[in-house]
Structures are given as structure tokens and as C-alpha cells.
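Asker: One structure, as C-alpha cells, below. Some questions next.
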Amino acid sequence: MSRLFALVLTAGALVFAASGDGNKCTEFSPCSREGYCDANAMFCMWDLCDPTKSYNATSCWQPEGCLDQTIEFDSSSDVVPIRQYSGNPNTNALVSIFEPDNSKIENGKL
């Protein structure tokens, strides 16, 4: 039982490696947010990511700026949960920051 507990703790540490106390994130979880590291949009998006504790200078995503877009809401990929966002606004126009994500596209309407 104690080995299983140790394994679970180790796995958790690898997924959300702490970046506190001056430590930097690893290349596998390169983005730091509020003392924790990971590799998804919740950690890497501009203004959420702490570049001083992230793996390197390019770990945090840079702001893309504004895009002139018309969104028809004809595809379920128009709105994605933040954990699935790739950082490319051309692929996914809108990001839902809510968990669980209850957004739904139906008949061209959000």
C-alpha cells in the first residue's frame, strides 16, 4: 500500500512539478503558473504564464494580437475547452475557461 501511495505522489509531481523556491519548470512541463508547471493553455497562455520560473524564454506563449474574423459557429471546434486549446486562434476562435465546459454549438448558434 505504501508503494502505491509513493507511486501516485511521484506521478503527481511529474505532471504538476512545482516551480516555487526559485526552481524552474522542466522541458516536459515548461510553463509556470502560480508555482506549478504544466504544458497546456491554462499554464502557457500569455499573461497566465510566469516567464521567470518557466523552463526557458520561449516557454510562455506570446500574444497573437487581434484577428479580423467572422465566426459562423458551424463547427464544434469554434469553441474549445482551455485544456484543449493549442494556442492557434486560426484553428480555434474562442476558448472556454470554464470547467466543466458547458458551451454548445447548435444550428449556427452558441
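Since every read-out is calculated from the coordinates, none of them should be taken as a lab result. Remember, predicted model here, so these are calculated numbers, not experimental data. Note that each Cβ is placed from the backbone with ideal geometry, even for glycine, and that neighbours are counted across all protein chains shown.
Asker: Let me check I've understood the local charge: for S76, count other residues with C-beta under 12 angstrom from its C-beta, Lys and Arg +1, Asp and Glu -1. What total comes out?
Answerer: For residues surrounding S76, the net value is -3.
Asker: Determine, from the Cβ-Cβ distance of C66 and T91 and an R0 of 22 Å, the FRET efficiency 1/(1 + (r/R0)^6), rounded to the nearest 0.05.
Answerer: Using R0 = 22 Å, I get an efficiency of 0.85.
Asker: Another one. What does the net charge come to around K109 if you take all other residues with beta carbon closer than 14 Å to its beta carbon, with K and R at +1 and D and E at -1?
Answerer: -3
Asker: Once the cut-off is 15 Å, how many percent of the Cα-Cα pairs in region 23-82 end up in the long-distance tail?
Answerer: Result for the distance tail: 52 percent.
Asker: If the reach is capped at under 26 angstrom between alpha carbons, list the lysines near K24, excluding any in the same chain fewer than eight residues apart.
Answerer: In chain and number order, the partners are K53.
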